[in-house]
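One structure is given here, and the rest of the page talks about it.
The values are calculated or read from the model by the stated rules, or taken from the named source; none is laboratory data. Just so you know, these numbers come straight off a predicted model, no measurement behind them. Cβ: placed from backbone, ideal geometry, glycine included. Neighbour counts: every protein chain shown. With ligands, DNA and RNA removed, areas are computed over all heavy atoms of the protein, side chains included. Shrake-Rupley method; radii C 1.70, N 1.55, O 1.52, S 1.80 Å.
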Amino acid sequence: MTATLAEKIRAAGVVGAGGAGFPTHVKVQAKVDTVLVNGASCEPLLMSDPLLMERETASMLRGLSLVMDSTGAGRGFFCLKGKHARAMAQVRLALAELGDSRLAVFELEDFYPAGDEHVLVHEVLGRTVPEAGLPLQVGVVVSNVESLVNIARAADGLPVTHRYLTVAGEIRTPSVLKVPVGSPVDEVLAWVGGPVIERFRVVDGGPMMGRVLPDTGRPVTKTTSGLLVLPEDHNVVRAKIMDPEKLRRLTQTVCCQCSQCTELCPRNLLGHALHPHKLMRGFGASLLSGETAKEALLCSECGICEKFACPMMISPREINIQIKQQLREQGVRWEPRETPLQPRGVRKERAVPTGRLMERLDVARYHGHPAFDERTFLPSRVILLLRQHIGAPAVPVVAVGDRVQTGDLIGEIPEKALGARVHASIDGVVASVTADSVIIERNH
C-alpha cells in the first residue's frame, strides 16, 4: 500500500521549522480551504527564509502543492515582505511560469510580528483565530518555508537531517548556512570566523523570541533559525537571563501601570482577552488568581511588551511565561469565550515597524544581507536531542558503538504519543545514548 503524505512526513521527522516544532504530519491531515506559506521572516536579523525562497523555490512550490492536495485546500498564498525584493521576484517569476491560478503572492508590510500565525491569518484572509486556538480552526494551514522544503524531501523518502540558519551579530563573517541538526554551536561559530569580541552570549533564535544559551556546547536543533552573538551586557541578553526573583521584585517596585504593554500587544489588538498590565499588577502584588491569571495562556511571547512598549524596561513577557508555567503545572486551560472576537480599530496604527524595533533593540548595526555559505560544514560530532518538538521525546533505538549513516533512524515516536522522529545527521559512531540525547562522533 502506498504511504500517504502524512505517513511520509511522520517517517521523515518533519516539524515546524519556524517556531515551537509542532509535528507537521498532524497539520497535513486536516481539511482546510487555504494554505499560507509563512515567509515573513519578521524576527530582526534572521535571513534564512528569504534566501531559502530564492534558492529552493522549486522544492518550496512542490511542498506547497503536496500540502494543498493533502488538505484539500483550493488556495495557496506566499506571504513575504516587499523589502525582500530578490525573494519576491524569484517567487513571482516561478508562479508566472507555473501558471497555477490557485497560487498567489501576498506582500506583507514591514512590521513585527507579521509572522505570528494569528496575525498572518488576519492580515491575509481577515479571519481571526480563536483565543488559544490554531489556524486550523478557521480553515487555514500555515507552513514555514523550510518546513515546505522538508515536506518535498519527505515525499521522496528523505528525513530531516539539516537546518538552514542565520549567524549574525558580533561574528567575523555573518552568514546563512546549512548545518547538520545537532551541530555544536561553538563549531558553527568557528566555521564562520568566530566571535569578534571576548565576552559574549549566544541567542538561539531571534532577538525577540530567542533564548540565551547557557554555553556554546549546546546543539543546533530542528527549530534553530539563527545564532546571534551579542555582548554579554546587551539589552537583548539581560532580560532573557534575569533571575526570576529579581524580576518579581522589579515588577513590584517599578511597574507604573501605564498599560502600554496592553495597548501594543498584537493579541490584544486582535481582540483577545489578554491584558499584560493587569497581569503585571497582580503578579507584583502577589494577588494573581482566577480569570486574570488565565489570560497569560493567551500570550504568544512575541516580546513587544518587553522590548518596545514598556517605558520602565521591565518584562511582561517573562512574567507571562512564569504564570503560564504555573498554570500548566496545575492543569489549567483557557476556556474559549462564546462571543465573537472583534479586532481593535487601531490595530494597523499600532503595528510596530521593524526598523524602529531594531533601533530600540540596539541591533540595527548588525543588520545586512549575509551571503549564503556555499561550503559544506561537517562538525566533529552531533548532539541529537530527542525532544526538538512539541510532544513526547523520541525513544532512542540505537546503542553505544553502533555505526550509523546520515538519515538512519535513531529516535522513534513513543506509541500513541504526539512527537517526531529523530535521524542521524552525519555518518559516524554512536558515542552516547541517554533519555535526552544521542551523540554521534563523525567518521574521519
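Some observations on this one:
- At R0 = 60 Å, FRET efficiency that the Cβ-Cβ distance of Met312 and Thr4 yields, to 0.05: 0.70
- Proximal aspartates and glutamates to Lys294, defined as alpha-carbon separation beneath 14 angstrom and excluding residues fewer than eight positions away on the same chain: Glu131, Glu329, Glu335
- With all protein chains in place and ligands, DNA and RNA left out, the 1.4 Å accessible area ranks Glu146, Glu263 as Glu263, Glu146, largest first.
- Annotation for region 332-366 versus region 184-198: alpha-carbon center distance of 33 Å.
- Derived from the Cα gyration tensor, the three semi-axes of the equivalent ellipsoid of the chain are 32, 27, 23 Å, largest first.
- Take the convex hull of the alpha carbons in region 1-118; its mean projected area over all directions comes to 7.8 nm².
- Shown is the FRET efficiency for Glu291 and His444, computed with R0 = 45 Å from the Cβ-Cβ distance and rounded to the nearest 0.05: 0.15.
- Hz values of 3J(HN,Hα) by residue in region 30-39 - Karplus curve (6.51, -1.76, 1.60), Gly and Pro given as x: 6, 10, 9, 9, 9, 10, 10, 8, 8, x
- Percent accessible area from carbon and sulfur atoms, region 223-331, protein chains only, probe 1.4 Å: 49 percent
- Under 5 Å, built H, 5+ apart or other chain: amide partners of Val15: Thr24
- In Hz, Karplus ³J(HN,Hα) per residue of region 294-299 (6.51, -1.76, 1.60; θ = phi - 60°; x = Gly, Pro): 4, 4, 4, 5, 8, 6
- Listed residue (Asn144, Ser380, Gly355) projecting farthest to the positive dipole end of the chain, Cβ model: Gly355
- Largest to smallest accessible area among Cys299, Cys256 [probe 1.4 Å]: Cys256, Cys299
- Cysteine residues of the chain whose C-beta has no other cysteine C-beta under 4.7 angstrom: Cys42, Cys79, Cys255, Cys256, Cys258, Cys265, Cys299, Cys302, Cys310.
- Here region 224-324 is described by how far its Cα atoms reach on the three principal axes: 40, 30, 23 Å, from widest to narrowest.
- Charge dipole magnitude, Cβ of K and R +1, D and E -1 - region 62-158, Cα centre, debye nearest 20: 240 debye
- Sorted on the mean count of surrounding Cβ atoms within 10 Å across their residues, most packed first, peptides 370-382, 212-224, 168-180 read 168-180, 212-224, 370-382.
- The heavy atoms of Ser101 offer some 120 square angstrom of accessible surface to a 1.4 angstrom probe.
- A simple rule links phi to the HN-Hα coupling: the Karplus curve 6.51 cos²θ - 1.76 cosθ + 1.60 with θ = phi - 60°, which for region 336-346 gives x, 7, 7, 6, x, 6, 10, x, 6, x, 8 Hz, with x for Gly and Pro.
- Region 366-414 shape via C-alpha gyration tensor axes, a/c threshold 1.5: oblate
- Entries of Lys8/Lys83; Lys307/Lys348; Lys178/Lys246; Lys27/Lys178; Lys83/Lys246; Lys278/Lys416 with Cα pairs more than 28 Å apart: Lys8/Lys83; Lys178/Lys246; Lys83/Lys246; Lys278/Lys416
- Binned Cα-Cα distance frequencies in region 76-187 - 5 Å width, integer %: 2, 9, 14, 17, 19, 18, 13, 6, 2, 0
- Largest-first principal axis extents, alpha carbons of region 285-444, Å: 59, 44, 32
- Ala132-Glu232 pseudo-label distance in nm [points 7 Å out on the Cα-to-Cβ vector]: 4.0 nm
- Rounded FRET efficiency, nearest 0.05, which uses the C-beta distance separating Glu349 from Ser432 and R0 of 51 Å: 0.40
- GNM on the chain, alpha-carbon springs under 10 angstrom: the most fluctuating residue among His369, His389, His272 is His369.
- Other-chain or far-sequence residues with amide H under 5 Å of Arg163's (modelled H): Val179, Val181
- With the convex hull drawn around the C-alpha atoms of region 1-60, the volume per residue stands at 120 Å³.
- Once backbone amide H atoms are built at 1.01 Å from N, Val142 has Leu36 as its partners under 5 Å, excluding neighbours fewer than 5 places away on the same chain.
- Each eigenvalue of the Cα gyration tensor of region 127-170, multiplied by 5 and square-rooted, gives one semi-axis; in descending order these are 27, 19, 7 Å.
- Taking the charge dipole of region 1-126 about its Cα centre, with +1 at Lys and Arg Cβ atoms and -1 at Asp and Glu Cβ atoms, the residue from Ala40, Leu64, Leu125 reaching farthest to the positive side is Leu64.
- Inter-site label distance for Lys246 and Val400 at 7 Å from Cα along Cβ, in nm: 3.9 nm
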